[in-house]
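Visitor: Pasting in a structure now, in structure tokens, and then I'll have a few things to ask.
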Amino acid sequence: MFAFFNKNDPADKTDVQLDPQRVPAHVAIIMDGNGRWAKARHLPRIAGHKEGMNTVKKITVAASDLGVKVLTLYAFSTENWKRPSDEVNYLMQLPVNFFDTFVPDLIKNNVRVAVMGYTDKLPAATQKAVHDAIEDTKDCDGMVLNFALNYGSRAEMVTGVQKIARAVAEGQLQPADITEKTVDQALMTAPLAPYNDPDLLIRTSGEERISNFLLWQIAYSELVFTDVKWPDFTAATLQACIADFQSRDRRFGGLTDKK
Ligand code: IPE
Ligand code: IPE
Ligand code: MG
């Protein structure tokens with residue numbers, strides 16, 4: 001039905017009709033293109049990150065309204081420390097500003113905050129902002145807003161393997177008893193169960209790569225790449241991405257009636 005999805009400007013479609021029964025439970029987004037958005041406006045890169053934060057607010061509410069159960073947002077990767085320190089410092093300050101201004105809206109929308117990543121390596125003020133937001137929203141039982149903060153999938157897998165190896169070394173687990181579930185439970189998405197794996201993974205800004213995000217968990221995710229840069233991403237773009245998702249035939253290796 002949505003075969004004419006225009007990846008360049010998906011929100012141009014004004015007649016998007018979503019099937020409320022088939023909204024992806026777990027949507028993950030690689031929020032990319034903040035720097036290029038700013039550069040195109042002759043602004044410093046951090047202006048793009050600031051605008052990107054406003055997009056996070058809008059898309060959180062939009063996803064919650066659509067009935068998404070888990071929204072995972074890739075906010076800072078284990079590789080992003082390679083950036084100039086001014087930019088890193090600004091990115092570390094963003095969660096503080098975000099939660100300072102947005103926790104009341106999160107509560108109003110019944111959204112619970114979660115975080116995955118090596119948060120112990122974040123500056124103290126960032127850690128406090130995140131942990132306070134988790135605490136303040138802990139009774140919300142609507143959508144989970146899951147930030148990937150100092151997250152990298154390979155590091156996550158190494159940590160997971162270490163955890164499993166320790167259980168084996170301590171005699172609590174036999175190697176033959178290690179299953180896919182054991183791995184699921186050792187990864188940072190374990191607390192999201194039963195929605196560990198994204199149904200839909202979106203990457204903005206025209207880059208078509210995964211950049212060390214959820215490598216195990218996206219085995220059967222539907223991937224949507226849009227040229228829209230994150231600060232320009234709107235509720236309508238999200239709806240268009242979900243419409244694209246709904247047009248896909250998810251076979252999980254099996255067969256469906258479709259030829
Ligand atoms: C995404 O935007 C935000 C982060 C990675 C923190 P970028 O900062 O990567 O923007 P581009 O890719 O340089 O345009
Ligand atoms: C991925 O974007 C990380 C986040 C969105 C947080 P990057 O901009 O860091 O990815 P690369 O460097 O283009 O692969
Ligand atoms: Mg980028």
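The values are calculated or read from the model by the stated rules, or taken from the named source; none is laboratory data. Remember, predicted model here, so these are calculated numbers, not experimental data. In this analysis, Cβ positions are derived from the backbone assuming ideal geometry, glycine residues included, and neighbour counts consider all displayed protein chains.
Visitor: Quick one: count up the residues across the range 56-80 that are part of a helix (DSSP H, G or I) and within 14 Å of ligand 3 (Cβ to nearest atom). Can you show your working first?
Guide: Going residue by residue through the range 56-80, those that are part of a helix (DSSP H, G or I) are 56-66, 80.
If we keep only those that are within 14 Å of ligand 3 (Cβ to nearest atom) too, we end up with 80.
Looking only at that region, the number is 1.
Visitor: Right, next: Can you tell me how many residues in the range 202-222 are exposed (fewer than 15 other Cβ atoms within 10 Å of the Cβ) and more than 16 Å from ligand 3 (Cβ to nearest atom)?
Guide: Residues that pass the stated criteria total 3.
Visitor: Here's a follow-up. Which pairs turn up if I take residues in the range 196-223 that are under 24 Å from residue 158 (Cβ atoms) and part of a loop (DSSP other than H, G, I, E, B) and look for partners that are among the hydroxyl-bearing types (Ser, Thr, Tyr) and within 16 Å of ligand 3 (Cβ to nearest atom) with beta carbon separation below 8 Å, at least 6 apart in sequence or on another chain?
Guide: Matching pairs, first to second residue: 211/74; 211/77; 212/77; 212/78; 213/74; 213/77; 213/151.
Visitor: For the structure I just gave you, tell me whether residue 229 is charged (D, E, K, R), in contact (Cβ under 8 Å) with a residue 40 or more places away in the chain and at negative phi. Spell out the reasoning first.
Guide: Working: charged (D, E, K, R): yes; in contact (Cβ under 8 Å) with a residue 40 or more places away in the chain: yes; at negative phi: yes.
Against the criterion (charged (D, E, K, R), in contact (Cβ under 8 Å) with a residue 40 or more places away in the chain and at negative phi), residue 229 qualifies.
Visitor: Taking the stated definitions as given, is residue 75 surrounded by 18 or more Cβ atoms within 10 Å (Cβ to Cβ) and within 20 Å of residue 49 (Cα to Cα)?
Guide: Values: surrounded by 18 or more Cβ atoms within 10 Å (Cβ to Cβ): yes; within 20 Å of residue 49 (Cα to Cα): yes.
Yes, satisfied.
Visitor: Which members of the range 17-58 meet the condition of being aliphatic (A, V, I, L, M), within 14 Å of ligand 1 (Cβ to nearest atom) and within 18 Å of residue 239 (Cβ to Cβ)?
Guide: Step one: list which residues in the range 17-58 are aliphatic (A, V, I, L, M), which gives 18, 23, 25, 27-31, 38, 40, 43, 46-47, 53, 56.
Pick out the ones that are also within 14 Å of ligand 1 (Cβ to nearest atom) and you get 29-31, 38, 40, 43, 46-47, 53, 56.
Residues satisfying the conditions are 29, 31, 56.
Visitor: For the range 34-50: of the residues being charged (D, E, K, R) and either surrounded by fewer than 15 Cβ atoms within 10 Å (Cβ to Cβ) or more than 18 Å from residue 76 (Cα to Cα) (or both), which is nearest to the chain's Cα centre (by Cα)? Talk me through it step by step, then tell me what you get.
Guide: Our first condition is that a residue be charged (D, E, K, R); within the range 34-50, this holds for 36, 39, 41, 45, 50.
Checking the rest, the ones that are also either surrounded by fewer than 15 Cβ atoms within 10 Å (Cβ to Cβ) or more than 18 Å from residue 76 (Cα to Cα) (or both) come to 39, 41.
Values: 39: 24, 41: 26 Å.
Ranking the qualifying residues of the range 34-50, first place goes to 39.
Visitor: Let me ask something else. Please determine whether any residue of the range 237-247 is buried (at least 22 other Cβ atoms within 10 Å of the Cβ) and within 14 Å of ligand 3 (Cβ to nearest atom).
Guide: No - not one qualifying residue is present in the range 237-247.
Visitor: Tell me, please, whether a residue that is at pLDDT 95 or above, within 16 Å of ligand 2 (Cβ to nearest atom) and either surrounded by 15 or more Cβ atoms within 10 Å (Cβ to Cβ) or not hydrophobic (A, V, I, L, M, F, W, C) (or both) can be found in the range 169-187.
Guide: Initial filter on the range 169-187 (at pLDDT 95 or above): 169-187.
When the remaining residues are screened for being within 16 Å of ligand 2 (Cβ to nearest atom), the result is none.
Looking for residues that are at pLDDT 95 or above, within 16 Å of ligand 2 (Cβ to nearest atom) and either surrounded by 15 or more Cβ atoms within 10 Å (Cβ to Cβ) or not hydrophobic (A, V, I, L, M, F, W, C) (or both), one finds none in the range 169-187, hence no.
Visitor: Here's something else I'd like to know. Report, ordered by the first and then the second residue, all pairs with beta carbons closer than 8 Å, sequence separation of six or more or different chains, a first member in the range 26-50 that is on the phi > 0 side of the Ramachandran plot, and a second member that is of a type in the set (Val, Ile, Thr) and within 11 Å of ligand 3 (Cβ to nearest atom).
Guide: 33/204
Visitor: Taking residue 88 and the conditions (1) part of a helix (DSSP H, G or I); (2) hydrophobic (A, V, I, L, M, F, W, C); (3) more than 12 Å from ligand 1 (Cβ to nearest atom), which numbered condition does it fall short on, given that it satisfies the others?
Guide: Checking residue 88 against (1) part of a helix (DSSP H, G or I); (2) hydrophobic (A, V, I, L, M, F, W, C); (3) more than 12 Å from ligand 1 (Cβ to nearest atom), the one that fails is (3).
Visitor: Identify all residues within the range 223-236 that are more than 14 Å from ligand 2 (Cβ to nearest atom) and surrounded by fewer than 20 Cβ atoms within 10 Å (Cβ to Cβ); write none if there are none.
Guide: Residues satisfying the conditions are 223, 227, 232, 234, 235, 236.
Visitor: Can you find a residue that is part of a strand (DSSP E or B) and farther than 20 Å from residue 230 by Cα anywhere in the range 93-113? Don't jump to the end; show me each part of the working.
Guide: The first filter runs over the range 93-113 and keeps only residues part of a strand (DSSP E or B), leaving 112-113.
Add one more test, that the residue is farther than 20 Å from residue 230 by Cα, and what stays is 112-113.
Checking the range 93-113: at least one residue is part of a strand (DSSP E or B) and farther than 20 Å from residue 230 by Cα.
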